Structures are given as C-alpha cells and as structure tokens.
Amino acid sequence: MLFSAIASSFLLAASASNCVASLIDPQSLLVFNPRIISPEAGVIWVPGTAHNVTWDTSDIPNERQGTTGLILLGYNGTYSENLDITHPLASSFPIKRGHTLVTLPKNTKFRDDYFIVLFGDSGNRSHKFKVRPHYS
C-alpha cells in the first residue's frame, strides 16, 4: 500500500512536470551569453567618469535581436557577486547594439575586484577591473 502511494506520487509529479514543460515556448529556452569585450582585465576606472562597455554580438540568435539589456556593477564577496541592483549603470538599451556608455557613480568605493554584469537573455561578467581616485 505504501509503495503504491509513493509510486502514484512520483507518477503524478512526472506527469505534472511534462504538462508544464509543454507550455513553455521553445523560443524562451534560447539562451545567449555575449562575451564582454570591455572593460578589460586590470583597467582602471575613476568614480564620476564615463566608460564604453562593449560586448560581442556575433552569436545573438535572430529570435533575440529585440532583447534589451541591463548593466550592473558588482564585486567579489563571500558567496555573493554584490551586484548593485538598486543603481544600474545602464538599462533598456538594445543588446544587438554591442555597446553602451555608462558613468561610474562618484561615490563608488575604491577596490581591485569590480566587474560589469550584462543582463539581456542571461547574465555574464566582465574581467575584473579597478576603481581608483585617478588613472595611474
């Protein structure tokens, strides 16, 4: 009896997951992850200055050409990327453009492990760069 109840539960769960999976549009399963070209590793950004963030657009599927993006600043931490979701550096720009200008907030703290995350269809990280009081 217990075996029948357990087996029935597994069958019910399996059939429910098949129903949900069949409702998902195949287009929504397309994922692309454009490589961030700049900022490059080790480059220095100064708070309050503008920088061009660029990424590779060569592998964006036709079905995702209209996707818009979001750029966040983050840094490494214990079990966290410390993404500043409250203050995006850029938003609502077309991913297919391959670049967007961002301004680093004037109150950005100095660190050696910042990175940019580009969200469109998925999130991907740039190389680490530094934020310093001047370019040296």
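In table form, for the structure just shown:
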item: Test: T108 is in a loop (DSSP other than H, G, I, E, B), surrounded by 15 or more Cβ atoms within 10 Å (Cβ to Cβ) and over 17 Å from the mean Cα position of the chain (by Cα); result: yes
item: Verdict on A21 being farther than 28 Å from R132 by Cα, at pLDDT below 95 and open to solvent by less than 50 Å² (accessible area, probe 1.4 Å); result: no
item: Selection from the range 69-105 of residues that are surrounded by 14 or more Cβ atoms within 10 Å (Cβ to Cβ) and among the aromatic types (F, W, Y); result: Y75, F93
item: All positions within the range 111-136 that are open to solvent by less than 30 Å² (accessible area, probe 1.4 Å) and either touching a Leu at 6+ places or on another chain (Cβ under 7 Å) or of a type in the set (V, I, T) (or both); result: Y114, I116, V117, N124, V131
item: Residues being surrounded by 15 or more Cβ atoms within 10 Å (Cβ to Cβ) and assigned to a strand (DSSP E or B) - total across the range 45-68; result: 5
item: Contacts under 6 angstrom Cβ, first residue in the range 81-93 being in a loop (DSSP other than H, G, I, E, B), partner among the hydroxyl-bearing types (S, T, Y), 6 or more apart; result: N82/Y75
item: Residue in the range 113-126 that is closer than 26 Å to T68 by Cβ, of a type in the set (K, R), more than 15 Å from the chain's Cα centre (by Cα) and not in a loop (DSSP other than H, G, I, E, B) present; result: no
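The values are calculated or read from the model by the stated rules, or taken from the named source; none is laboratory data. Since the structure is predicted, the reported quantities are computational estimates derived from the model, not experimental observations. Glycine gets a Cβ as well: all are built from the backbone with ideal geometry, and neighbour counts include every protein chain shown. We work out accessible area using only protein heavy atoms, side chains counted, and drop any ligands, DNA or RNA first. Shrake-Rupley method; radii C 1.70, N 1.55, O 1.52, S 1.80 Å.
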